[in-house]
Each structure stands twice: as C-alpha cells, then as structure tokens.
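Down below is the structure, laid out as structure tokens.
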Amino acid sequence: EDIFLYMFPMLRTRTLFSLISTCRCLLYAGLPTLLSRPFFFSYSSSIDPATPMVLQSFYDFLTFFGPNSFLDLQSLEFSGPLKSAEFDIMADILKLATNLRSLEIDTCTARFQDLSYSVLDRREEIIKSISSMANLRNLVFIWEDPDFCHFILKRLHAPLTRLILEVDDNSTSPLPLLSNFQDTLEDVLLQFFTITELPFSCLKLTRLSLQY
C-alpha cells in the first residue's frame, strides 16, 4: 500500500479513479488524493440537460464516504445557471468543505433559474460557510449582490493570494476589507467596483486589475 500512496499523486485523475476502483483497500487509500484534485461543475443550455445531475451524484458520493470526504476537497469551481435544487446542493457541499484552498463561483443571481427561495433562505449560510474556510488561497466570486461579497470579505480570515470579484453594477470598493489579506495577496482583479485608492499596502501584491 505504501508504494501506491507514493504513486497516487503522480497519476492522472482518470487513471487514479480507475485504479482505486479495483478494490476497497485502494479506494480508501486513494480517495483523499482523488478528492484533492480540482472539481469543476458547469451548467449551460448548450450541454446535455442531464448534466446538472452530476452535482447530485458528486454530493451523494461524498456523503457515502462520510464527513471526512468533504474535508479532503481542495478545489471547487461552479459556473453557469443553477436551479434551486442545484443551488441547495452547492450550499450543502460548501458547508462541509471547510478545508478548501480554491473556490470559484460564477453564478450571478440574474442568471439563476427557478430560484424561488434558495438564494435568500441560504444566503447567510453560504456566507458563514465561505467565511470559515481558513485555508483558502484562491477566491473567485462573480455575484449579482455586492453586499454578499462584502459580508464574506469582512468575516473571512484566510491567507488569500488571489482574489477576483465581479458584481453586476458599480458598487462601493471592497478594498478596505482586503486588509485582512494584505500580508498574502498577490493578484487582485475587481470588476464594476468604484475604486478611489488603496487604503493600505500589500507587500506581496504583483497585480491589481480594475475593470468597468
């Protein structure tokens, strides 16, 4: 088993999954490595309508192996329109995936489909979940509600090195809230925020991009 633990990180994801699927011992040994790989969920009208079921299957897979499987997740990306059920699943995953190092969410409320209650009912829960991710290094957040971004940045204390924020309309600059990350930030992109000045110094900052 030790030699497999050495090999797992070097294998491509598809190869790794095929290998650990061969027996229970390898499955439990290789699962943490598999779950540490980036996972990307995209929803578009141009793809098979059955694709959103992938997110439900992913959640069921993690649930089968217990809460620790969520803790092994390192990188998640959600992109495209979500229906209420899928938004709820995303919220459930974020609640348990507290060890994430990278999180990218591009699901503006304006592009959501059939969200009769989820955004408002689970808004505070998602803010709390993301704010508790103490290992987060990369955060990409494209959201219609700028206050949502502000609440997260105000509460988040993590060693962020990369931050991308985009809202639908001009909004108050979130720069003052970035002081929580001034010792670690290296790359910042802000879109549709009104920017006046950088109120503090970021010693490691190599790029600050402002787009309107």
Practice task
Please find, within segment 42-65, the residue that is farthest from SER102 (Cα to Cα) out of those that are within 17 Å of the chain's Cα centre (by Cα) and modelled with pLDDT of 85 or more.
Solution key: GLN56
Exercise for the section: Quick one: in segment 113-136, of everything that is at pLDDT 75 or above and open to solvent by 70 Å² or more (accessible area, probe 1.4 Å), which residue is nearest to LEU103 (Cα to Cα)? Expected result: LYS128
Problem - Cβ pairs under 8 Å, 6+ apart, first in segment 73-90 and among the acidic types (Asp, Glu), second modelled with pLDDT under 90 and buried (at least 17 other Cβ atoms within 10 Å of the Cβ) - result: GLU77/PHE41; GLU77/ILE105; GLU86/TYR43; GLU86/PRO52; GLU86/LEU55; ASP88/SER118; ASP88/ARG122
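Residue check: is THR98 touching a Leu at 6+ places or on another chain (Cβ under 9 Å), closer than 18 Å to ILE127 by Cα and modelled with pLDDT of 80 or more?
yes
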Exercise for the section: Kindly indicate whether GLU86 is touching a strand residue (DSSP E or B) at 6+ places or on another chain (Cβ under 7 Å) and at pLDDT below 95. Expected result: no
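The values are calculated or read from the model by the stated rules, or taken from the named source; none is laboratory data. Computed from a predicted model, the values in this text were never measured in an experiment. Every residue, glycine as well, gets a Cβ built from its backbone with ideal geometry; the counts of neighbours run over all protein chains shown. Remember, those area values only see protein heavy atoms, side chains included, never the ligands or the DNA or RNA. Shrake-Rupley method; radii C 1.70, N 1.55, O 1.52, S 1.80 Å.
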